[in-house]
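What follows is a short report on a single structure.
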Amino acid sequence: MSGPGAPDQQPVDCSDLRVAIVAASWHQTVMDGLVAGALRACADYRVAEPTLVRVPGTFELPVVAAALARQGFDAVVALGVVIRGGTPHFEYVCNAATDGLSRVALDHTVPVGFGVLTCDTEDQAVDRAGLDGSREDKGHEATAAALVTARTLASITQATP
């Protein structure tokens with residue numbers, strides 16, 4: 001939801017939604033920025049008390065996101081960062097996280113905000129982390145996307161006989 005073509009979306013009232021944020025722990029500076037952005041988005045959308053859960057790394061995001069979806073959260077935001085190295089580890093973790101989080105959303109009909117940065121360098125990650133001087137705030141964007149989608153799902157459910 002960033003860069004050219006990003007929607008000009010105004011926050012809506014999501015105060016009735018239960019929201020969980022699951023965040024990896026690797027790359028602490030980047031993760032602190034992503035979490036802060038997610039919490040700012042929750043405040044912007046009037047989510048008073050989001051639940052924050054930390055996991056070791058990005059690979060662990062899907063299983064915890066699934067557990068949170070099963071517990072009745074209306075939206076789950078997954079935050080992580082994987083920085084390319086010299087081994088295939090990058091592709092394995094990125095694919096597992098992407099596939100797993102997509103499966104959580106579809107299997108549980110719960111929006112999962114995808115705030116997983118997949119970057120070639122740490123500088124790219126910092127530039128997307130919502131920190132002072134960053135060009136993008138992916139934690140905020142992923143959270144806003146999940147909240148708007150949760151609101152849309154709620155309206156579809158209410159409109160269905």
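A short reminder: the numbers here are calculations on the coordinates, not readings from a lab. Keep in mind that this is a model prediction, so the values were computed, not measured. Positions of Cβ are backbone-derived with ideal geometry, glycine not excepted, and every protein chain shown enters the neighbour counts.
Brief remarks on what is shown
- Anisotropy class of the range 79-132 from Cα gyration tensor, a/c 1.5 cut: oblate
- Of every Cα-Cα pair in the range 1-74, the percent that sits beyond 14 Å: 66
- Taking the longest Cα principal axis of the chain as reference, the axis of helix 28-44 is set at about 20 degrees.
- Sites SER15 and ARG135 - FRET efficiency at Förster radius 30 Å, r taken between beta-carbons, to 0.05: 0.50
- Kirkwood-based shape ratio for the chain, expressed as Rg/Rh from alpha carbons: 0.96
- Kirkwood analysis of the range 107-161, using all unique Cα-Cα pairs, places the hydrodynamic radius at 12.8 Å.
- Computed [θ] at 222 nm, deg cm²/dmol, the chain (DSSP H ≥ 4; -39,500 (n - 2.57); rounded to nearest 500): -15500 deg cm²/dmol
- Take every DSSP beta bridge whose two residues both sit in the chain; close to 5 percent of them are antiparallel.
- Within the shell defined by Cβ-Cβ distances under 11 Å, the residues around ALA96 carry a net charge of -2, with Lys and Arg each +1 and Asp and Glu each -1.
- Value of relative contact order over the chain, rounded to a whole percent, pairs C-alpha under 8 Å and six or more apart: 28
- Between VAL148, VAL116, SER134, the Cα set farthest toward the positive side of the dipole of the range 80-158 (charges on each charged residue's Cβ, about the Cα centre) is that of VAL148.
- Phi angles across the range 112-119 convert, under the Karplus curve 6.51 cos²θ - 1.76 cosθ + 1.60 with θ = phi - 60°, into 3J(HN,Hα) values of 10, x, 9, x, 9, 7, 10, 10 Hz, Gly and Pro given as x.
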